[in-house]
Amino acid sequence: EITIEDAIVNVDNSVATVSGSKVKFTINNINATSTGYGIINKGSNNKYQLNEGTITSKDITLYNESNNNNSYSVNGGTYTSTTTYVFYDNTSYSSSFVMNGGKLVGATNGVYAYYGSFTVNDGEITTTSTNNEHYALYCSTSAMCRLNSRAKIGSEQASGIYQYGGNTTINGATIYTNKNNGNAIRLVNNNLTINGETTISASGSNSYGIIA
């Protein structure tokens, strides 16, 4: 078990790399910068709980690189990549990501959900990209993406959600783009379900709320 209560970290390679299995990794407060990665997972059956603080990395900030049955719980804090994705799931196995607060900020696409479940109950996911072909959330392949009422997903200068192969359920979340020629939601295939008092906003010229 690894617990970080209050730390300032400045590194070149990664803030942390976990290769073992059944590791519980908890961050209660951190101020970290990395010219490489943030936290890299290489093991299986690991649990990550991020409660507060900031991690800013040049490369991927939260990288589920390999193996299966890993879980992430983000309850607060701000996590930022300055050049690429802020969270990237690279596994073809079951994994879970639950966001109950905080902010995830990417620089190209924001989040890449590949397999497993990706749930946002509260918090914001965005990207600083100025490219309308970049999205705050990329729900891909067999990912099950669920965006609940206090979730805010989108970008001022890029697009909102891109669904390719995954399945997305929106239960009252706010999905938006303010980019000219942007898309709040781009559906390529599989299932999109919208429930409740969902807000979909596309305020730029020639932009779309939903395009399929």
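A few remarks follow.
- The orientation-averaged shadow of the Cα convex hull for the chain, equal to a quarter of the hull surface, comes to 9.9 nm².
- Spatial separation of Cα centroids for the range 112-152 and the range 34-107, in angstrom: 13 Å
- Solvent exposure of the range 163-212, expressed per residue, is 48 Å² of accessible area, with all protein chains present and a 1.4 angstrom probe.
- Annotated for the chain: lysine pairs at least 8 residues apart or interchain, Cα distance under 29 Å, count 20.
- Note that the range 1-115 presents 41 Å² accessible area per residue, ligands and nucleic acids not counted, probe 1.4 Å.
- Couplings 3J(HN,Hα) of the range 48-55, computed from phi: 10, 10, 10, 9, 6, x, 9, 10 Hz, in residue order, whole Hz [Karplus 6.51 cos²θ - 1.76 cosθ + 1.60, θ = phi - 60°; x for Gly and Pro].
- Whole-percent carbon and sulfur share, accessible surface of the range 1-87, 1.4 Å: 43 percent
- Just the protein heavy atoms count here, and of the accessible area of the range 108-206 at 1.4 Å, carbon and sulfur take up 38 percent.
- Of TYR93, TYR63, TYR162, the one that fluctuates the most in a GNM where the chain has Cα springs shorter than 10 Å: TYR93
The values are calculated or read from the model by the stated rules, or taken from the named source; none is laboratory data. Everything numeric in this text was worked out from a predicted model, so none of it was measured. Only protein heavy atoms, including side chains, enter the accessible area calculation; ligands, DNA and RNA are left aside. Shrake-Rupley method; radii C 1.70, N 1.55, O 1.52, S 1.80 Å.
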